[in-house]
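Asks: Got a structure here, written out as structure tokens. Questions coming.
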Amino acid sequence: MTQHKKEIVNTLFKAQQNHEPVEFISKTYEVEEPVAYQIQDELISELKKADNSEIAGYKVSMTSAETQAYASTDEPAYGTILSNKVVKSGDTVALSKLFAPLIEPELVFVLTADLTISASDEEILQSIKVAPGIEIPDARYIDWFPNFTLGDLISDNTASGLVALGEAADPVSYEDFAKITLKLSHNDEEIATGVSSDVLDNPIEALKWLIRKLDEQGKHLHKGEIVSSGTFVPPVPAKEGTYTAEYSYPGAIQVTFEK
């Protein structure tokens with residue numbers, strides 16, 4: 001599989017650099033989850049060198065039964081967020097620089113201390129701030145959503161595109177993290193509503209899942225990194241215009257898309 005891993009990494013790297021989508025790797029290779037994460041790691045290494053970027057954090061994907069069904073899995077997956085893929089509230093994003101992006105309103109945790117598998121809920125809450133976020137998933141495959149396998153998804157950095165985040169606030173209680181409501185609008189027209197309990201019953205559980213998953217692979221979360229915790233609503237294809245995600249806590253975020 002070593003040679004196949006190199007071929008897959010090279011295919012996905014070239015797709016990103018040349019901005020040309022490719023066929024699903026599952027059409028040629030059978031890639032199980034552990035190998036897919038190895039491919040993701042190698043792809044991230046190549047992208048860091050090519051773009052002079054660093055790891056800014058991680059995204060947790062497929063945090064509901066509905067989204068897990070897309071990839072026939074019963075747990076989330078994670079992708080790696082690079083520093084050149086983070087944008088701020090109010091920024092304008094060019095659709096022409098993406099492939100087939102989606103909109104996913106998510107809370108973004110900003111770590112104020114390292115987090116390890118031994119951290120209690122109380123320690124986790126003491127080690128984070130929380131920002132309103134919009135994740136913009138994007139994959140390098142032809143007609144990618146929702147037609148991927150788990151191996152396809154994880155290998156291509158779990159469809160990591162961009163992550164937008166607003167101003168971070170202090171955390172609420174564990175219980176209150178399950179009661180955060182969302183309104184998503186496009187050009188001031190409401191298109192979806194959601195609640196944080198749809199994210200593994202509580203977004204803090206998404207963070208805890210990530211801590212465990214990274215630990216299995218000898219990785220840890222570090223102070224200053226961010227974690228996009230999972231979408232409140234089913235993914236929405238990104239169109240031209242302005243998207244606003246208004247959360248009951250910690251506030252609102254806005255991103256505009258142009259051609």
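Asks: Since residue 15 meets every condition but one in (1) under 30 Å from residue 111 (Cα atoms); (2) small (Gly, Ala, Ser); (3) under 20 Å from the mean Cα position of the chain (by Cα), which condition does it not meet?
Replies: (1)
Asks: Tally time: how many residues in the range 15-24 are in contact with a strand residue (DSSP E or B) (Cβ under 8 Å, 6 or more places away or on another chain) and not in a loop (DSSP other than H, G, I, E, B)? It would help to see each step written out before you state the result.
Replies: Quick first cut of the range 15-24, residues in contact with a strand residue (DSSP E or B) (Cβ under 8 Å, 6 or more places away or on another chain) only: 15, 21-24.
Subset that is not in a loop (DSSP other than H, G, I, E, B): 15, 22.
Summing the residues that are in contact with a strand residue (DSSP E or B) (Cβ under 8 Å, 6 or more places away or on another chain) and not in a loop (DSSP other than H, G, I, E, B) in the range 15-24 gives 2.
Asks: Right, another one. Among the strands (runs of 3 or more DSSP E) contained in the range 209-259, which hold 2 or more residues that are more than 17 Å from the chain's Cα centre (by Cα) and surrounded by fewer than 16 Cβ atoms within 10 Å (Cβ to Cβ)?
Replies: Numbers: elements: 226-228, 241-247, 252-258.
Because the criterion is at least 2 residues that are more than 17 Å from the chain's Cα centre (by Cα) and surrounded by fewer than 16 Cβ atoms within 10 Å (Cβ to Cβ), the strands (runs of 3 or more DSSP E) in the range 209-259 that meet it are 241-247, 252-258.
Asks: Looking at the range 163-177, can you tell me whether even one residue there is outside any loop (DSSP other than H, G, I, E, B), surrounded by fewer than 16 Cβ atoms within 10 Å (Cβ to Cβ), modelled with pLDDT of 95 or more and of a type outside the set (Gly, Ala, Ser)?
Replies: Going through the range 163-177, the residues outside any loop (DSSP other than H, G, I, E, B) turn out to be 163-165, 169, 175-177.
Those left that are additionally surrounded by fewer than 16 Cβ atoms within 10 Å (Cβ to Cβ): 169, 175-176.
In the following step, the residues that additionally are modelled with pLDDT of 95 or more were identified as 169, 175-176.
Still in the running and of a type outside the set (Gly, Ala, Ser): 175-176.
So far as the range 163-177 goes, yes, one or more of its residues are outside any loop (DSSP other than H, G, I, E, B), surrounded by fewer than 16 Cβ atoms within 10 Å (Cβ to Cβ), modelled with pLDDT of 95 or more and of a type outside the set (Gly, Ala, Ser).
Asks: Can you spot a residue in the range 105-119 that is surrounded by 20 or more Cβ atoms within 10 Å (Cβ to Cβ), farther than 25 Å from residue 49 by Cβ, under 14 Å from the mean Cα position of the chain (by Cα) and among the acidic types (Asp, Glu)?
Replies: Taking every residue of the range 105-119 in turn, at least one turns out to be surrounded by 20 or more Cβ atoms within 10 Å (Cβ to Cβ), farther than 25 Å from residue 49 by Cβ, under 14 Å from the mean Cα position of the chain (by Cα) and among the acidic types (Asp, Glu).
Asks: While we're on this one: Considering only residues that are over 28 Å from residue 151 (Cβ atoms) and assigned to a strand (DSSP E or B), which ones fall in the range 94-106? Give the derivation first.
Replies: Quick first cut of the range 94-106, residues over 28 Å from residue 151 (Cβ atoms) only: 94, 96.
Residue satisfying the conditions is 94 alone.
Asks: Can you pull out every residue in the range 42-92 that is free of Cβ contacts under 8 Å to residues at least 24 places away in the same chain, among the charged types (D, E, K, R) and either part of a helix (DSSP H, G or I) or buried (at least 19 other Cβ atoms within 10 Å of the Cβ) (or both)?
Replies: Once the filter is applied, which keeps residues that are free of Cβ contacts under 8 Å to residues at least 24 places away in the same chain, among the charged types (D, E, K, R) and either part of a helix (DSSP H, G or I) or buried (at least 19 other Cβ atoms within 10 Å of the Cβ) (or both), the range 42-92 yields only 49.
The values are calculated or read from the model by the stated rules, or taken from the named source; none is laboratory data. Computed from a prediction, not measured in an experiment: that's the story for all the values here. Cβ atoms come from the backbone with ideal geometry, glycine included; neighbour counts cover every protein chain shown.
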